[in-house]
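Everything below concerns the one structure shown next.
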Amino acid sequence: IGNGCVVKANHLSSPGEPHVVVNLPDRLAVFKPPGWEVHNFNVERQLASWLQITCSPKCPMFTDSGQDYGFMHRLDVPSSGVVLVAKTSQAYLDMQAQLAAGHVARDYTIFSHGWANPFSSEIRASVHWREDAEHTLVGGRGKHSMTQFKVAGHFSKNQTALSIVAVTITTGRRHQIRSHFAHIGHPVACDGTYTAWATSQIDLNLCSRHCLHRHRVAFVDSTG
């Protein structure tokens, strides 16, 4: 995006530890491994706590719950990839504006069930979050959402048909990718929330985590 900063993280199968991918004067990008939560404190391993302990010099933003500890977006606990973090209030507001304007690109790689149509490239469907069920519903009322994708290939594992799909989102709704691909009949592999129970049991032999990885983000840094 212009002369912006591009961050990539190629750790699709590495459980590992978090680490800083790019460290700029007022913002940084961190790799979140699967099994880590960004900052909701529902599981033991917290990216917010890791930042507070690890990063030097200390940034007051990393302890400010009112500004999401500096985090600009999230990733579900079983997923992995790059997460953007602001070090200052000014950077936080700047990144919020970029996100609202659609100037932050977020690219993902997923494995989805079935052989997705290689001639399809877009999902447009409203989504809304159900607090009582802790998942996102597609269609009807809700916020407009768009997911763009390109099928990169098809393969089989343990007699299960799967697709490799490159995904870009222009709206960042909660569980957007997971619910959108379930909506078109190709749920993300190893995602027990959006697959039938029988499919989730088959998935136990495939992988221990969601097959969803944010491998790239692009944004405009403070130098323009």
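Scan region 76-109 for residues that are open to solvent by 20 Å² or more (accessible area, probe 1.4 Å) and assigned to a loop (DSSP other than H, G, I, E, B) and the total you get is 8.
When R174, R178 are checked against the criterion of being of a type in the set (K, R), in contact (Cβ under 8 Å) with a residue 40 or more places away in the chain, outside any loop (DSSP other than H, G, I, E, B) and within 24 Å of R74 (Cα to Cα), R178 stands alone in meeting it. Here the condition is being under 21 Å from V38 (Cα atoms), among the small types (G, A, S) and over 15 Å from the mean Cα position of the chain (by Cα); of S200, S208, it holds for S208 alone.
Among the candidates S120, S56, S112, S126, which residue alone is open to solvent by less than 60 Å² (accessible area, probe 1.4 Å) and modelled with pLDDT under 90? Explain how you work it out, then say what you get.
Working: S120 fails: modelled with pLDDT under 90; S56 fails: open to solvent by less than 60 Å² (accessible area, probe 1.4 Å); S112 fails: modelled with pLDDT under 90.
Checking each option against the conditions leaves just S126.
In region 160-174, the residue that is modelled with the highest pLDDT out of those that are open to solvent by 30 Å² or more (accessible area, probe 1.4 Å) and in contact with a helix residue (DSSP H, G or I) (Cβ under 9 Å, 6 or more places away or on another chain) is R173. From the list H144, H215, H154, the lone residue that is in contact (Cβ under 8 Å) with a residue 40 or more places away in the chain and either open to solvent by 30 Å² or more (accessible area, probe 1.4 Å) or in contact with a Leu (Cβ under 7 Å, 6 or more places away or on another chain) (or both) is H215.
Given the criteria more than 30 Å from L28 (Cα to Cα) and touching a residue at least 12 places away in the same chain (Cβ under 8 Å), does R209 qualify?
Numbers: more than 30 Å from L28 (Cα to Cα): no; touching a residue at least 12 places away in the same chain (Cβ under 8 Å): yes.
So R209 does not fit the description; no.
In region 125-139, the residues that are closer than 17 Å to D76 by Cα reach residues that are at pLDDT below 80 and part of a loop (DSSP other than H, G, I, E, B) with C-beta atoms within less than 8 angstrom, at least six apart or across chains, in these pairs: V127/G142; H128/G140; H128/R141; H128/G142. Here G35, G66 are screened, and the one residue that is of a type outside the set (A, V, I, L, M, F, W, C) and without any contact (Cβ under 8 Å) to a residue 40 or more places away in the chain is G66.
The values are calculated or read from the model by the stated rules, or taken from the named source; none is laboratory data. Computed from a predicted model, the values in this text were never measured in an experiment. All Cβ positions, even for glycine, are placed from backbone atoms using ideal geometry, and neighbour counts span all protein chains on display. For accessibility, only protein heavy atoms count, side chains too; no ligands or nucleic acids. Shrake-Rupley method; radii C 1.70, N 1.55, O 1.52, S 1.80 Å.
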